[in-house]
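Peer 1: Below you'll find the structure I mean.
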Amino acid sequence: FKSIKSIASMEFVSEAPNTFWQTVAPLDYDFWSNVNPSVSYARWDQRYETPLGKNQKVNTLLYNGYAREVGDMY
């Protein structure tokens with residue numbers, strides 16, 4: 001879920017389900033994927049990203065820029 005625009009529906013459950021990336025690369029991705037730039041991953045730095053069509057890196061925003069809208073969910 002890189003962008004809120006990609007969410008089609010929400011289901012609230014008592015336990016977090018396994019995600020695709022958590023299944024194929026459990027050491028790289030936890031359930032929350034890469035929404036927190038202060039959480040480092042084994043092979044790359046999540047503090048910066050390169051937007052599509054751009055040639056320079058920018059700071060990755062907390063919760064992909066939706067911290068105000070979704071921060072209470074974490």
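The values are calculated or read from the model by the stated rules, or taken from the named source; none is laboratory data. Computed from a predicted structure; not experimentally measured. With ideal geometry, Cβ positions are generated from the backbone for all residues, glycine too; neighbour counts draw on all protein chains shown.
Peer 1: Any chance the range 48-65 includes a residue that's at pLDDT below 85 and part of a loop (DSSP other than H, G, I, E, B)?
Peer 2: For the range 48-65, residues at pLDDT below 85 and part of a loop (DSSP other than H, G, I, E, B): absent.
Peer 1: Can I ask one more? Might you let me know whether the range 37-57 holds any residue that is under 16 Å from LYS5 (Cβ atoms) and in contact (Cβ under 8 Å) with a residue 12 or more places away in the chain?
Peer 2: Filtering the range 37-57 down to residues under 16 Å from LYS5 (Cβ atoms) leaves 51-52.
Remaining after also requiring in contact (Cβ under 8 Å) with a residue 12 or more places away in the chain: none.
So far as the range 37-57 goes, no, none of its residues is under 16 Å from LYS5 (Cβ atoms) and in contact (Cβ under 8 Å) with a residue 12 or more places away in the chain.
Peer 1: Given the conditions (1) surrounded by 14 or more Cβ atoms within 10 Å (Cβ to Cβ); (2) modelled with pLDDT under 75, and given that ALA42 satisfies all but one, which numbered condition is not satisfied?
Peer 2: (1)
Peer 1: Mind listing just one residue for me: the one in the range 48-74 that is surrounded by fewer than 12 Cβ atoms within 10 Å (Cβ to Cβ) and small (Gly, Ala, Ser) and, of those, farthest from the chain's Cα centre (by Cα)? Give the derivation first.
Peer 2: Here is the first cut: in the range 48-74, the residues surrounded by fewer than 12 Cβ atoms within 10 Å (Cβ to Cβ) are 50-56, 58-59, 68-69, 71-74.
Of the ones still in play, those that are also small (Gly, Ala, Ser) are 53, 71.
On the way: GLY53: 20, GLY71: 12 Å.
Applying the filter and picking the extreme gives GLY53.
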